[in-house]
1. How many Å² of accessible area per residue for the chain, probe 1.4 Å?
2. Among 262, 173, 297, which one shows the biggest mean-square fluctuation in a GNM of the chain, springs joining Cα atoms closer than 10 Å?
3. On the Cα set of the chain, report Rg and Dmax in Å, please.
4. Heads up, I need the accessible area for residue 97: 1.4 angstrom probe, whole protein in place, Å², nearest 10.
5. How big is the accessible area of residue 264 in square angstrom, nearest 10, if you roll a 1.4 angstrom probe over the protein chains?
6. Would you list which aspartates and glutamates come within 18 Å of residue 98, measuring only between C-alpha atoms, while excluding same-chain residues fewer than 8 positions from it?
7. With each run of n ≥ 4 DSSP H residues scored as -39500 (n - 2.57), what mean residue ellipticity at 222 nm is computed for the chain after dividing by its residue count and rounding to the nearest 500 deg cm²/dmol?
8. For a quick protection proxy, order the peptides 267-275, 189-197 by their average other-Cβ count within 10 Å, most packed first.
Amino acid sequence: MPLNKNKVLVVGMDGLRFDRLVALAPPVLSSLMATGAYGTSRLPYGEAAVPGAAPRTESPGEVVPKAPEPPAAGRVIRSRTDSGPGWSSIATGAWPDKHGVVDNSFTSPQFTKFPDFLSRAKNARPDLVTAAFLSWAALGEHNAFGPAIDHRMVLDGYALTWTAADRQIADAAERHLAETGPDLAFVYLGDTDEVAHALGPHCPEYAAALHAQDAYLGRLLDAVRGRPGESWTVLVTTDHGHVDEGGHGGTSAEERTVFVIANRLGADLGGRPLAEPRLVDVGPTALALLGVPLDPAWELDGTPLFNSW
């Protein structure tokens, strides 16, 4: 009997605080944690709240002024804990001092040198089929997830409302996964971040947004579970956290704590711990699971969390 074909689904939930995830216990994410592997780490960057120089980001697309450069002392990663740097780090497998995105302005991105992991997979193995679904338009407009991806859907959460954009993204991704079964797919959902900016991560509306995204995730998993002859790994992550009153960009533990959940559907790892999984490890892990070797010339900061299950 032939072996199942390995495939990978990466789902990003913007501004999702891990302690709130644990406390609110959404059923799909909780099940993935219980039967998979997961862990947290802290972003190696963030800017101190210098009065008048580095206010917290009040909305995910806001362009904010940069704090003064710190004194050079080895490798200094000067970046805000914003969505632009976070998702660019997830996409590229490199930290902001390499990919060039240090806030939400995307002023000097280096995505030609550091393309996203779906584009790297396609370049390395043209036979692989890739797909990305994004409700934050900036990720497509600035090519954090670039045009080499086979199927790319980009919506504007500001124009549609984030609730509506996430719903449309989830609907389209569910259909595409069920009908096409790409080898590597990325799905971005943003309403948790929008709600946290407006009301903080402890409000009922944040819980509702998380449970809605959890239900979308469940539908995506059902879509790939219904495809015979395929072995799917799902990776779920976020780009940053939030302070209790809402907002991010700074250096607090709440803003800098991120997580990665990994699960091979159909297997039970019993909630195995991952030792400080970093955002930059997500792409290399997906590539390793698809058998794409990492080239040292890529100068990635990330490494695979595991090469196989």
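1. 38
2. So, out of 262, 173, 297, the one fluctuating most is 297.
3. Computed over the Cα atoms of the chain, radius of gyration and Dmax are 17.9, 65 Å.
4. Residue 97 has an accessible surface of roughly 70 Å² with all protein chains in place.
5. Per-residue accessible area (residue 264): approximately 70 Å².
6. 47, 69, 82, 116, 239, 281, 295, 299, 301
7. The helix-only estimate for the chain comes to -10000 deg cm²/dmol at 222 nm.
8. 189-197, 267-275
The values are calculated or read from the model by the stated rules, or taken from the named source; none is laboratory data. Since this is a predicted model, take the numbers as computed values, not measurements. All Cβ positions, even for glycine, are placed from backbone atoms using ideal geometry, and neighbour counts span all protein chains on display. Note: accessible area is taken over every heavy atom of the protein model, side chains too, but ligands, DNA and RNA are not part of it. Shrake-Rupley method; radii C 1.70, N 1.55, O 1.52, S 1.80 Å.
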